[in-house]
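Let me begin by presenting the structure, written as structure tokens, before commenting on it.
The values are calculated or read from the model by the stated rules, or taken from the named source; none is laboratory data. A quick note: this is a predicted structure, and the numbers were derived from the prediction, not measured. Calculation scope for accessible area: heavy atoms of the full protein, side chains included, ligands and nucleic acids excluded. Shrake-Rupley method; radii C 1.70, N 1.55, O 1.52, S 1.80 Å.
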Amino acid sequence: MTMARVLAIESSCDETACAVVDGLRVRSSVVASQIEVHAPFGGVVPELASRHHLDSLAPVIRAAIEQAGLEPTKLGAQLDALAVTDSPGLVGALLVGVQAARGLALATGLPLFGVHHMEGHLFSAFIADDSTASEPEPFAPHLALLVSGGHTELVEVHGLGRYELLGATRDDAAGEAFDKVAKLLGLSYPGGPIIDRLAAEGDPSAVAFPRAMLRSKDFDFSFAGLKTAVAVHLEREGQPRSRAELADLCASFQAAVVDVLVAKTCAARRARGCERVHVVGGVAANAGLRARFDDAAAREGFRLVTAPLRYCGDNAAMIAAAAAAHVAEGRAPRVVVQSSVALDEARATP
Ligand code: KG4
Ligand code: ZN
């Protein structure tokens, strides 16, 4: 496969990001987080996100170009293509990235590839900073658990652009549950990493929270009931009175999420006979989840691939790598901005 050099922009949610890759090799990856902007509100405020993307995008693109050692005035000759996250996401936020990318495409004459954000997350498990990194696995076949702030999905990857959705959350995404429970506990946004750290100190069996849909025969998830169970527990018992009690609550909540994610992924793997499982997305950074998947892989004898920690959260390197794969396969460049579209139907519309 020829290695396409691609510059990508990602602005679908609350990170403004730009990166340059050679195929799966990352030459630069710059991420400007808006966490501080949204933290006071306990979640992402769409209008603020768009406005901050506008402010951050030019310096972020400049930094990515510079760190990749490219000449800003010669991008047309130094790159093979441009890419941008065009779906799904906050529509105002997406549009800021897409319009900037269209401007760059006009100025450089380079083709512009729209990338589905979750296809980007799939590629996060393949990218590397170091050219001496071991040869990556073939892209397909594998089973991917995509766990982020907006999505919780089990996808069987048959090939580039051939994604079969086996199951998804029927209400909240796993990351959303982490963030909402953190808010209930008075912790700041985003709550996932904070709960993760506290959970390490706590007893996961302290509170018996429900494991929704654990025994359902499908591969769907539900996390809204768990969030309610935490709220009901807090109403009954009051807020935790010590750090130890807080840690126990976090550990018990996290164990409930992790149990379901690992059990359902393993069930899907067995049903489909997949030998390789990838865990990607913001929640894939969770230490408890990674540890439990390590155990499951050892016990059941499958190959486990997790995205490197720095590429679990939103970034543009994964978007660029996905586009580079499309370039290498000779796909036609296309941008279709859609705020909500599933991975398996993303490229179906002409
Ligand atoms: O993939 P991502 O950066 O953005 C989306 O596409 O949504 O995922 C963000 C989500 C947030 O909900 C955040 O709380 C969660 O990932 N997250 C974690 C951890 N780090 C980030 N959840 C649990 N444990 C973590 N260590
Ligand atoms: Zn994401």
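Could you tell me how far the Cα centroid of region 234-260 sits from the Cα centroid of region 104-152, in Å?
35
As an exercise, find the ratio Rg/Rh for region 15-76 from alpha-carbon atoms, using the Kirkwood inverse-distance average for Rh.
That ratio equals 1.08.
Quick one: 3J(HN,Hα) in Hz for region 212-218, Karplus 6.51/-1.76/1.60 with θ = phi - 60°, rounded, Gly and Pro as x.
5, 6, 4, 9, 5, 7, 8
Mind listing the phi-derived Karplus ³J(HN,Hα) values for region 225-233, rounded to whole Hz, using 6.51, -1.76 and 1.60 with θ = phi - 60°, and x for any glycine or proline?
x, 5, 4, 5, 4, 5, 4, 5, 4
Report, please, the projected area of region 142-307 averaged over directions, based on the convex hull of its C-alpha atoms, in nm².
9.1
Can you list residues whose amide H is under 5 Å from F221's amide H, if they're 5+ apart or on another chain and H is modeled 1.01 Å from N?
Sorted by chain and number, the residues that satisfy this are A168, T169, R170.
Out of the DSSP beta bridges found with both residues in the chain, what percent are antiparallel (nearest 5)?
Rounded to the nearest five, the antiparallel share is 60 percent.
Can you tell me how region 41-158 classifies by the Cα gyration tensor, rounded, prolate or oblate, using a/c under 1.5 as the rounded cut?
Judged from the Cα gyration tensor, region 41-158 comes out oblate (a/c at least 1.5, b/c at or above a/b).
Find the percent of Cα-Cα distances in region 270-350 that exceed 21 Å, and round it to a whole number.
48
Apply the a/c threshold of 1.5 to the C-alpha gyration tensor of region 120-189 and tell me whether it is rounded, prolate or oblate.
Oblate, because a/c is 1.5 or more while a/b does not exceed b/c.
Amide H of H142: which non-local residues (sequence gap of 5 or more, or other chain) have their own amide H closer than 5 Å, using H built in the peptide plane?
Placed amide hydrogens put V157 under 5 Å from H142.
Which lysines, on any chain, are close to K183 with Cα under 19 Å apart, when same-chain ones fewer than 8 places away are left out?
K227
Can you give me the Rg/Rh ratio for the chain, using Cα atoms for both radii and the Kirkwood formula for Rh?
Ratio value, two decimals: 0.98.
For a test of the definition: using alpha carbon positions, the gyration tensor, and the 1.5 limit on a/c, classify region 239-316 as rounded, prolate or oblate.
Here region 239-316 falls in the oblate category.
In terms of modelled amide H atoms, which long-range or inter-chain residues lie less than 5 Å from the amide H of G89?
The answer is S340.
By how many degrees, between 0 and 90 and to the nearest 10, does the Cα long axis of helix 46-67 differ from the longest principal axis of the chain?
50
By how many degrees, between 0 and 90 and to the nearest 10, does the Cα long axis of helix 174-184 differ from the longest principal axis of the chain?
Taking the Cα atoms of the chain, the angle to 174-184 is about 60 degrees.
Kindly write out, for region 19-32 in residue order, the coupling ³J(HN,Hα) from the Karplus curve 6.51 cos²θ - 1.76 cosθ + 1.60 (θ = phi - 60°), rounded to whole Hz, with x marking Gly and Pro.
Karplus values, whole Hz, x for Gly and Pro: 8, 10, 10, 10, x, 9, 8, 7, 9, 7, 8, 10, 10, 9.
Where only protein heavy atoms count, and the probe is 1.4 Å, what is the accessible area per residue for region 142-307 in Å²?
Accessible surface, normalised per residue, equals 41 Å².
With a 1.4 Å probe and every protein chain kept in, tell me what percent of the accessible surface of region 187-341 is carbon plus sulfur.
Exposed carbon and sulfur together represent 51 percent of the surface.
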